[in-house]
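Here is the structure we will look at.
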Number of protein chains: 2
Amino acid sequence: MIADKTYEPVEPLRLAFLGLGTMGGPMAAHLLRAGHHVTVYNRTAAKAEAWLAEVGKHPQASMAATPLEAAASADVVLSCVGNDQDLTEVTTGPQGGFHSMGRGTLWVDHTTTSAQIARDLAALGRAKGITFIDAPVSGGNLGAINGVLTIMCGGEQAAFDRVAPVLRAYARAVTRLGDPGAGQLAKMVNQICVAGVVQSLAEALAFGQKAGLDMHKVIEVISQGAASSWQMANRGPTMVDDRFDFGFAVDWMRKDLGLCLDEARRQGAVLPVTELIDEYYAEVQAMGGGRWDTSSLIRRLR
Amino acid sequence: MIADKTYEPVEPLRLAFLGLGTMGGPMAAHLLRAGHHVTVYNRTAAKAEAWLAEVGKHPQASMAATPLEAAASADVVLSCVGNDQDLTEVTTGPQGGFHSMGRGTLWVDHTTTSAQIARDLAALGRAKGITFIDAPVSGGNLGAINGVLTIMCGGEQAAFDRVAPVLRAYARAVTRLGDPGAGQLAKMVNQICVAGVVQSLAEALAFGQKAGLDMHKVIEVISQGAASSWQMANRGPTMVDDRFDFGFAVDWMRKDLGLCLDEARRQGAVLPVTELIDEYYAEVQAMGGGRWDTSSLIRRLR
C-alpha cells in the first residue's frame with residue numbers, strides 16, 4: 001500500500017482520517033507507520049474495512065461509522081474527500097466532526113476545495129476553539145504512496161508549526177502560504193499552470209506528429225531548454241504513444257478548473273486560456289475520457 | 001564577447017559566417033577561437049567591422065562586402081539572419097552566396113525560417129552540388145555567448161555528420177531530426193510549447209497576485225511538481241517583479257508563431273491556443289512592448 005520511508009520522530013497523537021481514496025488511503029497508512037493512533041472513516045464503509053485489513057489489523061488503527069464518532073477523541077482530524085460539498089458534510093453536516101471536537105483541536109483538510117469554504121470553516125472553527133488549516137496537496141497517487149507530496153497550507157502560524165511535522169509523514173514539502181484559503185489559492189495557481197502546459201504540449205506534439213517528425217527524438221532535444229516542463233518530461237512520451245490509462249483524471253481536473261474560474265471571477269482576474277482548456281476537457285469527457293489522464297487533451301487534436 | 005570554452009579538435013576549415021546579430025556575433029567568434037578561418041558578412045557593414053575589432057583583428061578573420069564574396073572560397077557557409085526573405089537574399093539574391101559556391105560545399109542555416117524555404121534551398125543546392133542543412137537554434141544570446149546552444153538540424157545524414165563537430169564550437173547538443181525542413185519543424189514544436197507555457201504562467205501568476213499571495217513563495221513551492229517548467233524557474237520571478245528588459249523579444253516570437261501557424265495550416269494541424277497567444281502578443285506590441293521579453297504576456301492581465 002505504501003513505500004518504505006524513514007519518519008522523523010514525533011509525539012504520538014490521536015488522529016482521525018476521513019476519506020480513504022487513492023490519496024487518503026496511503027496518507028493514513030503513513031501516519032500509522034509514523035507511530036500515531038489513527039481512526040479512519042470512509043463514506044463507503046467497505047473501503048475503511050479494506051484499509052484496516054491492508055494495514056494488518058494494526059493495534060493503533062481503528063474505524064468509525066461517522067465523522068462525528070471518528071473526530072470525538074482526536075487531537076487532529078485530517079480529511080481528504082471529493083469536493084466542497086463532501087467537506088461540508090464531514091465537518092458541519094448532521095454527522096460532521098465539528099460537533100464532537102474539543103477546544104484546542106486541529107482540522108487539516110487535504111481536499112482541493114474553494115478558498116471560500118476554507119475561510120468559512122476557519123472562521124466557524126475559531127468560534128468553537130478548533131483551528132482549521134486548508135492543506136491541498138500535489139504529487140498524485142505515487143507521491144502519496146512514496147510519502148513525498150507537496151502540501152500548500154493556509155491558516156494560523158502556530159497551528160501550522162504544530163502540525164507540519166505530522167504531515168511530513170507523507171510529504172516532502174509542507175509550506176504555509178498565508179491565512180485561511182491561501183493553500184487552496186496556491187493549488188489553483190498550480191492547476192492553471194498544469195492545464196496550459198499540457199494544452200501547449202498537446203498542440204506542439206500533434207503538430208509535430210502530423211509533420212512526420214520522430215517526436216520522441218524531438219522531446220529529447222527540446223527537453224533541455226526554454227520549452228521544457230515536468231509535463232514534457234513525464235507526459236510527452238506517453239502522449240506521443242497515445243496512452244492515458246493512468247495519472248490525474250480529466251474529471252478531477254475539470255473540478256479543479258471550475259474552482260479556479262469561480263475564484264478568478266471573484267478576484268476580478270481573467271483566465272482566458274484556462275477557460276478555453278476547461279471547455280476542451282469537457283469535449284474529452286464527451287469522448288468518454290473522464291477517467292483518462294489530463295494529458296489526453298491531445299486526443300481532440302488528432 | 002564570448003565566454004571561455006574548450007573546443008574539440010577539428011580540422012581547420014574555411015568558413016563564411018553571414019549575419020552578426022546577437023546570436024551570429026558570438027557564434028562566429030567561437031568558430032574563430034576553435035581554429036577556423038572565418039570570413040564574416042553583415043548587411044550593415046559597420047557591424048562586421050565592429051566584430052573584427054572585437055576579435056582583435058585576428059589573422060584568421062576577415063570580412064567580405066557581399067555574401068557572394070564571402071562564400072566564394074568557403075568550405076562551409078553559415079548564416080544567421082532575420083527571416084525567410086533575408087535568407088533568400090543571402091543565398092539566391094543577386095549577391096547571394098549560392099552563385100559563388102563550388103561543388104561539395106555546405107550551407108548551414110541557423111535562421112528560424114519556414115520549413116518550405118529549407119526544402120526549396122536544399123533542392124536547389126542539390127542541383128548545384130551544395131548541401132543545405134537547416135539548423136535553427138535555441139538557447140538565446142546567453143547560450144551563444146557560452147557556446148551551449150541546442151541545434152535542431154534537417155538535411156542529409158553524411159553532410160550532417162561532417163559539420164556537427166564544427167557546430168559544437170557553440171553548441172551543447174547538435175541533433176539531426178530528419179530531411180530538409182525537419183530542423184525548422186522541431187524549432188516550431190519548441191516555440192509552440194514556449195508560448196503556451198508562458199501564457200499559462202502569466203494567467204496563474206496574475207491570478208495569484210490579485211489574490212494577495214506571496215508569489216515568489218508560491219513559485220518556490222510548486223517548482224518541484226507537475227506545474228513546473230523552465231519558464232516558471234527562469235521567468236516566473238521576473239514576471240512577478242514586472243521586469244521584461246531582457247530575453248527573447250515579443251517581435252521575434254510573433255515572427256516564429258507566424259511560421260508555426262502557416263505550417264499548421266499546411267499540415268492540417270490546429271493550434272487554437274497558440275493562435276490566441278499570437279493575438280495576445282499583438283496586443284503587447286500595441287502596448288509598445290515589441291522589444292520586451294516574451295514573458296511580458298502577463299502585462300495584458302494586470
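Among the candidates A:Ala204, A:Ala186, A:Ala264, single out the residue that is among the small types (Gly, Ala, Ser), touching a Leu at 6+ places or on another chain (Cβ under 6 Å) and surrounded by 23 or more Cβ atoms within 10 Å (Cβ to Cβ). Show your work before the answer.
Numbers: A:Ala204 fails: touching a Leu at 6+ places or on another chain (Cβ under 6 Å); A:Ala264 fails: surrounded by 23 or more Cβ atoms within 10 Å (Cβ to Cβ).
None of the other options fit; the residue is A:Ala186.
What's the total number of residues in region A:151-165 that are open to solvent by 10 Å² or more (accessible area, probe 1.4 Å) and in contact (Cβ under 8 Å) with a residue 60 or more places away in the chain?
1
Kindly indicate which of A:Leu31, A:Leu52 is farther than 30 Å from A:Arg265 by Cβ and more than 21 Å from the chain's Cα centre (by Cα). Before the answer, list the steps.
Details: A:Leu31 fails: more than 21 Å from the chain's Cα centre (by Cα).
Being farther than 30 Å from A:Arg265 by Cβ and more than 21 Å from the chain's Cα centre (by Cα) holds for just one of A:Leu31, A:Leu52, which is A:Leu52.
What's the number of the condition A:Phe244 fails, among (1) over 30 Å from A:Ile145 (Cα atoms); (2) in contact with a Phe, Trp or Tyr (Cβ under 7 Å, 6 or more places away or on another chain)?
(1)
Give region B:51-72 a look and list any residue that's touching a residue at least 12 places away in the same chain (Cβ under 8 Å) and open to solvent by 50 Å² or more (accessible area, probe 1.4 Å), or say none. Spell out the reasoning first.
Of region B:51-72, the ones touching a residue at least 12 places away in the same chain (Cβ under 8 Å) are B:51-52, B:54-55, B:58, B:60-72.
Of everything in region B:51-72, those that are touching a residue at least 12 places away in the same chain (Cβ under 8 Å) and open to solvent by 50 Å² or more (accessible area, probe 1.4 Å) turn out to be B:Glu54, B:His58, B:Gln60, B:Met63, B:Ala65, B:Leu68, B:Glu69, B:Ala72.
Every residue in region A:75-92 that is open to solvent by less than 10 Å² (accessible area, probe 1.4 Å) and not β-branched (Val, Ile, Thr), please.
A:Leu78, A:Ser79, A:Leu87
Would you please name the residue that is nearest to A:Glu203 (Cα to Cα), looking only at residues in region A:263-287 that are among the aliphatic types (A, V, I, L, M) and within 11 Å of another protein chain (Cβ to nearest Cβ)?
So the first thing to find is which residues in region A:263-287 are among the aliphatic types (A, V, I, L, M), and the list is A:264, A:269-271, A:273, A:276-277, A:282, A:284, A:286-287.
Now restrict to residues that are within 11 Å of another protein chain (Cβ to nearest Cβ): A:264, A:269-271, A:273, A:276-277.
Details: A:Ala264: 25, A:Ala269: 25, A:Val270: 22, A:Leu271: 19, A:Val273: 13, A:Leu276: 14, A:Ile277: 12 Å.
It comes out as A:Ile277.
For (1) among the aromatic types (Phe, Trp, Tyr); (2) in contact with a Gly (Cβ under 6 Å, 6 or more places away or on another chain); (3) closer than 18 Å to B:Pro272 by Cβ, each residue gets a yes or a no:
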{"residue": "A:Gly236", "(1), (2), (3)": "no, no, no"}
{"residue": "A:Gly247", "(1), (2), (3)": "no, no, no"}
{"residue": "A:Asp251", "(1), (2), (3)": "no, yes, no"}
{"residue": "A:Lys255", "(1), (2), (3)": "no, no, no"}
{"residue": "A:Arg265", "(1), (2), (3)": "no, no, no"}
{"residue": "A:Ala269", "(1), (2), (3)": "no, no, no"}
{"residue": "A:Pro272", "(1), (2), (3)": "no, no, yes"}
{"residue": "A:Tyr280", "(1), (2), (3)": "yes, no, yes"}
{"residue": "A:Ser296", "(1), (2), (3)": "no, yes, yes"}
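Condition (residue is more than 7 Å from every other protein chain (Cβ to nearest Cβ) and under 17 Å from B:Lys187 (Cβ atoms)) applied to region B:288-298: is it met by at least one residue?
Here is the first cut: in region B:288-298, the residues more than 7 Å from every other protein chain (Cβ to nearest Cβ) are B:288-298.
From what is left, the residues that are under 17 Å from B:Lys187 (Cβ atoms) are B:294.
Yes: one or more hits.
Could you grab me the full set of residues in region B:80-100 that are of a type outside the set (A, V, I, L, M) and closer than 12 Å to B:Glu69 by Cβ? Quick ask: steps written out before the conclusion?
As a first pass, look at region B:80-100 and keep what is of a type outside the set (A, V, I, L, M): B:80, B:82-86, B:88-89, B:91-100.
Of everything in region B:80-100, those that are of a type outside the set (A, V, I, L, M) and closer than 12 Å to B:Glu69 by Cβ turn out to be B:Gln95, B:Gly96, B:Gly97, B:His99, B:Ser100.
Take region A:58-90 and flag every residue that is under 18 Å from A:Asp120 (Cβ atoms) and among the β-branched types (Val, Ile, Thr).
A:Val77, A:Val81, A:Thr88, A:Val90
Can you pull out every residue in region B:129-151 that is assigned to a loop (DSSP other than H, G, I, E, B), within 16 Å of B:Leu106 (Cα to Cα) and more than 14 Å from every other protein chain (Cβ to nearest Cβ)? I'd like the intermediate steps shown before the answer.
First, pick out the residues of region B:129-151 that are assigned to a loop (DSSP other than H, G, I, E, B): B:129, B:135-136, B:139, B:147-148.
Filter once more, keeping what is within 16 Å of B:Leu106 (Cα to Cα): B:129, B:135-136.
B:Gly129 - this is the single residue of region B:129-151 that is assigned to a loop (DSSP other than H, G, I, E, B), within 16 Å of B:Leu106 (Cα to Cα) and more than 14 Å from every other protein chain (Cβ to nearest Cβ).
Only one residue in B:Ala202, B:Ala206 is more than 7 Å from chain A (Cβ to nearest Cβ) and closer than 24 Å to A:Ala186 by Cβ, so which one is that?
Being more than 7 Å from chain A (Cβ to nearest Cβ) and closer than 24 Å to A:Ala186 by Cβ holds for just one of B:Ala202, B:Ala206, which is B:Ala202.
For residues that are touching a residue at least 24 places away in the same chain (Cβ under 8 Å) and over 26 Å from B:Ala233 (Cβ atoms), scanning just region A:209-242, find the one that is farthest from the other protein chains (Cβ to nearest Cβ).
By that ranking, first place goes to A:Asp242.
Can you pull out the residues in region B:152-172 that are within 12 Å of chain A (Cβ to nearest Cβ) and over 21 Å from B:Pro12 (Cα atoms)? Step through it out loud before you land on a result.
Taking region B:152-172 first, the residues within 12 Å of chain A (Cβ to nearest Cβ) are B:152-154, B:171-172.
Residues satisfying the conditions are B:Met152, B:Cys153, B:Gly154.
Which of the numbered conditions does A:Val10 fail, given that it passes all the others? Conditions: (1) within 20 Å of A:Pro136 (Cα to Cα); (2) surrounded by fewer than 15 Cβ atoms within 10 Å (Cβ to Cβ); (3) among the β-branched types (Val, Ile, Thr).
(1)
Search region A:19-47 for residues that are open to solvent by 50 Å² or more (accessible area, probe 1.4 Å) and pair each with any residue that is in a loop (DSSP other than H, G, I, E, B) when their beta-carbon atoms are under 6 Å apart and the residues are at least 6 apart or on different chains.
A:His37/A:Gln60; A:Lys47/A:Leu20
The values are calculated or read from the model by the stated rules, or taken from the named source; none is laboratory data. Here the structure is a predicted model, which means the values were calculated and not measured. When we count neighbours, we look across all protein chains shown, and the Cβ atoms used for this are built from the backbone with ideal geometry, even at glycine. Heavy atoms of the whole protein, side chains included, go into the accessibility calculation; ligands, DNA and RNA do not. Shrake-Rupley method; radii C 1.70, N 1.55, O 1.52, S 1.80 Å.
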